[in-house]
1. What list do you get for 91, 107 if you sort them by fewest beta carbons within 10 Å?
2. Tell me the GluC sites (Glu not before Pro) within segment 44-98 that lie in a loop according to DSSP and have at most 14 other beta-carbon atoms within 10 Å.
3. Set Lys and Arg Cβ to +1 and Asp and Glu Cβ to -1, take the dipole of segment 5-123 about its Cα centre, and tell me which of 68, 22, 40 lies farthest positive.
4. Label point 7 Å out from residue 10 along Cα-to-Cβ: which residues of segment 26-41 have amide N under 18 Å?
5. Between the helical axis of 98-110 and the dominant principal axis of the chain, each derived from Cα atoms, what acute angle in degrees is found, rounded to the nearest 10?
6. Once you have all Cα-Cα distances for segment 13-119, histogram them in 10 Å bins from zero and send the whole-percent values.
7. So if we plug the beta-carbon distance of residue 24 and residue 79 into 1/(1 + (r/R0)^6) with R0 = 35 Å, what FRET efficiency do we get, rounded to 0.05?
8. Between beta-carbons, use under 15 Å as the cut-off and find the net charge around residue 103, counting Lys and Arg +1, Asp and Glu -1.
Amino acid sequence: MKLHADKADLYTITAYGEGWVAINGQRYSHSLVLSSTDGVLPWNCGRFDELTSAHFDALQAQRPELVVFGSGARLRFARPALLQSLMTQRIGVETMDTAAACRTYNILAGEGRRVTAALLIGD
């Protein structure tokens, strides 16, 4: 059963595995930001321990209504102080492991939501 219409211009995560994700068929092995409107953008954070508020501040540029944060192979929550700028702008933040973030991003983007996925890969 088809639940929603396919959109040719939609950026979707087509596959993922340990240490990589594929977006519209192209494979990436580094952390990245994926915007449902702007596509793939670099995210200069290789490890969870390196996260700063600047990493999350930069996500505001895509003007998302929701940020899905993929924390790596396991679920880890960023300190609330790092997310403060997003919360101040009333941008929702959901944290999950990167595999779950990939699935969640696809569902929300398929619904036409302005969603950004910030994915730690290889951590």
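1. Sorted ascending by nearby Cβ count, the order is 107, 91.
2. Hits after loop and neighbour filter: 65.
3. It is 68, whose Cα lies furthest towards the positive end.
4. Taking a point 7 Å out along Cα→Cβ of residue 10, the residues of segment 26-41 whose backbone N falls under 18 Å are 26, 34-40.
5. It is inclined by approximately 50 degrees.
6. The distribution over segment 13-119 is 15, 55, 28, 2, given as percents.
7. Approximately 0.60, to the nearest 0.05.
8. The answer is -2.
Throughout, read-outs are computed from the coordinates displayed, never taken from laboratory work. Just so we're clear, the structure is a prediction, and the values are computed from it rather than from any experiment. Cβ: placed from backbone, ideal geometry, glycine included. Neighbour counts: every protein chain shown.
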